[in-house]
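Worksheet: the structure to be examined is printed underneath.
Each reported figure results from applying straightforward, stated rules to the coordinates on display, with no laboratory input. Keep in mind that what you see is a predicted model, and the values were worked out from it rather than measured. Backbone-built Cβ (ideal geometry, glycine too); neighbour counts: all protein chains shown.
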Amino acid sequence: MNANAEEMDLRDRLDLMERMIAEGRRSTQRWSWSFLLWGLAYYIAIAWSAFDKSWLAWPVTMIAASVVTGVLAGRIHRNHPGTTIGRALSAVWSVMGIVLFVVLMALGISGRADLHLIVAIAAAMLAVANGISSVILRWKMQYACAFVWLATAVGACFASDMQLAILSLAAIFFCQFVFGIYGMILESRRQKQGAVHA
């Protein structure tokens, strides 16, 4: 009888973990718009800094994207209660964003910023955040994004300036736009299935 109770307890725990992972994926799918928003912000900052050569391009664009994300996140939190996995993932992405902003701003102000170094640091941080998320959520598509960002970080160390530009723009397109649209499609399908079952 004791072995039976332990087996039932183990099954209950595994079921709970699977439900938490599924809820984490649904939560990430609800946030898919943010991948598109940040991809757009990266492209705007790249274009602005390329044409204007202004040091303000990145800080202004990143702060604006943060404000928009904060406003939209507030609306999401009102409609969907937070989960443990959701809070953990939010912490990973928030801390990554803050650290990235501070470090890259310090590099820019110090005058020691090199484009290859900046891309290597930013891509490595994005690889870490996507990698942690993919491990927690067991999501192959996000694992692919982590791999693309890691390849971009390594490539930034060896690429020419033109290769670096192509590599960076391609990584942003795949990891922000393609992944964001993929998540939005999954979220839309889930909502339609929920409406049919309701």
Going fewest to most other Cβ atoms within 10 Å around each Cβ, VAL148, VAL102, VAL128 line up as VAL102, VAL128, VAL148
For ILE63 and ILE185, extending 7 Å from Cα along the Cα-Cβ vector and measuring point to point gives, in nm, a value of 3.8 nm
Magnitude of the Cβ-charge dipole (Lys and Arg +1, Asp and Glu -1) of region 86-192 about the Cα centre, nearest 20 debye, reported as 560 debye
Going residue by residue through region 156-172, the Karplus relation 6.51 cos²θ - 1.76 cosθ + 1.60 with θ = phi - 60° gives ³J(HN,Hα) values, rounded to whole Hz and with x marking Gly or Pro, of 4, 6, 10, 6, 6, 4, 5, 4, 4, 4, 5, 4, 5, 5, 5, 5, 4
By Cβ neighbour count within 10 Å, fewest first, SER49, SER54, SER32 rank SER54, SER49, SER32
By Cβ neighbour count within 10 Å, fewest first, PHE177, PHE158 rank PHE158, PHE177
Rg/Rh over Cα atoms for region 40-198, Kirkwood Rh, comes to 1.00
Pseudo-spin-label distance VAL154 to ARG112, built 7 Å along Cα→Cβ, given in nm, is 2.6 nm
